[in-house]
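Okay, so here's the structure we're looking at.
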Amino acid sequence: VDIHAGNEVVDRIKKIVASTHTHGVLSAIGGFGGLYKPDDSIESPVLVASTDGVGTKIKLACNWNIHDSIGIDLVAMCANDIVVQGAKPLFFLDYFATGKLDVDTAEKVITGVAKGCALAGCALLGGETAEMPDMYAGGEYDLAGFCVGIVSNNDIVDGTDIRVGDSIIGIASSGPHSNGYSLIRKLLEKSGLGKDDIFPGTDRKTCEVLLEPTIIYTECIRNLMRDSSLKGMAHITGGGFYDNIPRILNNQLKAVIRFGSWDMAPVFHWLRETGGLSWPEMLQIFNCGIGYVLVVRSENAEDIVSRLQGLKYPAWIIGSIERCAGQKEEQVEVLFSDGD
């Protein structure tokens, strides 16, 4: 790494990183490792960890020179994955790799990571900046992140309590989040839309719609866990409905989803029409407007939806849990109307 540029990045982000620090942080940025002391009041504590990246959404950020929110996506992809098990995010570390370090770009990206950490309620404990000209072309970079959270062993949410008759709640996404962008970029090129063109069906620029950051669901889920019984949760990422929801179901259960029971942003209709895709194909690739799924007792479902709406997270009851006829039956069944 260009030592001078690397040091300048660290100097610029010190205050930003410090603003995310919680009471458990024992070290400042710049050390060999970050120190964190967990809350020792948690009974039977269990650490939960997740690592992820942002994928080729970064290509759009680089092509359009818009780097302010891609760091939020990075935190979201990791933090949302540990929240599904009931964990509270504690700290986050990022890895920023580029061909040639541009201080302004790095500052914008890491500022976004810090904002994501603030939204997730965790500390940005440290990170790494790597300059690898043989790996990345000029102006390109990649991101990876690592999040650690904590949950009491008594409060782990793993889907084992899910039963026939339970309700499925879907919480709105902000768009495609950070999945399916290799296809999105191909369809974008096919369409001829430019970054500043108004995106079809909206009054927003194309760059605003396609770089809309992933929602971080920590706040609403932590709020619900105070006094609600959440039986299972799924973060709808790559693989869409069909691959993510079964991860919390035993092989005797299936999720029956009522397509059209939630509001869907124009971007998903555009993707389907431009790509000539069927709705089942869309639900395999994209979140299609549902970024996070909860499984709850049917008698609690309406109240939980109301609470989510009150927290400014649009949500709907989108289906229910039924018995799976056999091992060969798919664990996600989507009910379409004749017009879909």
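The values are calculated or read from the model by the stated rules, or taken from the named source; none is laboratory data. Computed from a predicted model, the values in this text were never measured in an experiment. For neighbour counting, all protein chains shown are included, and Cβ atoms are generated from backbone atoms with ideal geometry for every residue, glycine included. Heads up: the accessible areas ignore ligands, DNA and RNA and are worked out on the full protein's heavy atoms, side chains in. Shrake-Rupley method; radii C 1.70, N 1.55, O 1.52, S 1.80 Å.
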remark   = Being assigned to a helix (DSSP H, G or I) and either modelled with pLDDT of 95 or more or surrounded by 18 or more Cβ atoms within 10 Å (Cβ to Cβ) (or both) narrows D52, D104, D94, D73 down to just D73
ask   = Would you call N223 within 20 Å of the chain's Cα centre (by Cα), among the polar types (S, T, N, Q) and either assigned to a helix (DSSP H, G or I) or farther than 18 Å from I285 by Cα (or both)?
value = yes
ask   = How many residues are farther than 19 Å from A301 by Cα and either modelled with pLDDT under 95 or open to solvent by less than 10 Å² (accessible area, probe 1.4 Å) (or both) if we restrict to segment 219-238?
value = 2
ask   = In segment 136-193, how many are of a type in the set (F, W, Y), surrounded by 19 or more Cβ atoms within 10 Å (Cβ to Cβ) and in a loop (DSSP other than H, G, I, E, B)?
value = 0
inquiry  = Looking at I290, I216, I257, can you tell me which residue is within 22 Å of V151 (Cα to Cα) and modelled with pLDDT of 95 or more?
reply    = I216
message = Kindly evaluate K88 against the criterion of being among the charged types (D, E, K, R), under 22 Å from the mean Cα position of the chain (by Cα) and open to solvent by less than 50 Å² (accessible area, probe 1.4 Å).
response = no
note = Residue pairs within 7 Å by beta carbon, gap of at least six or interchain, first lying in segment 148-163 and closer than 13 Å to M233 by Cβ, second among the charged types (D, E, K, R) and crowded, with 18+ Cβ neighbours inside 10 Å, listed first then second, are V151/K88; G159/K231; D161/K231; I162/K231
task = Please specify each residue of segment 259-275 satisfying the condition of being small (G, A, S) and not in a helix (DSSP H, G or I).
result = G260, S261, A265
inquiry  = Among the residues that make up segment 238-256, is at least one of them within 21 Å of G180 (Cα to Cα), basic (K, R) and touching a Gly at 6+ places or on another chain (Cβ under 9 Å)?
reply    = yes
request  = Of the conditions (1) under 22 Å from V83 (Cβ atoms); (2) out of contact with any Gly (no Cβ under 8 Å at 6 or more places or on another chain), S278 clears all except one; give me its number.
outcome  = (1)
note = Here the residues within segment 23-39 that are modelled with pLDDT of 80 or more and assigned to a loop (DSSP other than H, G, I, E, B) are H23, G24, L26, G33, G34, L35, K37, P38, D39
ask   = If you take the residues of segment 80-117 that are touching a helix residue (DSSP H, G or I) at 6+ places or on another chain (Cβ under 8 Å) and polar (S, T, N, Q), which of them is farthest from L230 (Cα to Cα)?
value = T98
Condition met for V109 (crowded, with 20+ Cβ neighbours inside 10 Å, within 29 Å of I321 (Cβ to Cβ) and among the hydrophobic types (A, V, I, L, M, F, W, C)) = no
query = Can you find a residue in segment 89-112 that is closer than 20 Å to N287 by Cβ and polar (S, T, N, Q)?
reply = no
Pick from segment 276-330, criterion in a helix (DSSP H, G or I) and in contact with an Asp or Glu (Cβ under 8 Å, 6 or more places away or on another chain), ranking: surrounded by the most Cβ atoms within 10 Å (Cβ to Cβ) = Q284
query = Taking segment 204-218 only, how many residues are free of Cβ contacts under 8 Å to residues at least 12 places away in the same chain and either crowded, with 21+ Cβ neighbours inside 10 Å or in a loop (DSSP other than H, G, I, E, B) (or both)?
reply = 1
key: Selection within segment 194-203 - surrounded by fewer than 17 Cβ atoms within 10 Å (Cβ to Cβ) and either part of a helix (DSSP H, G or I) or not β-branched (V, I, T) (or both)   = G194, K195, D196, D197, P200, G201, D203
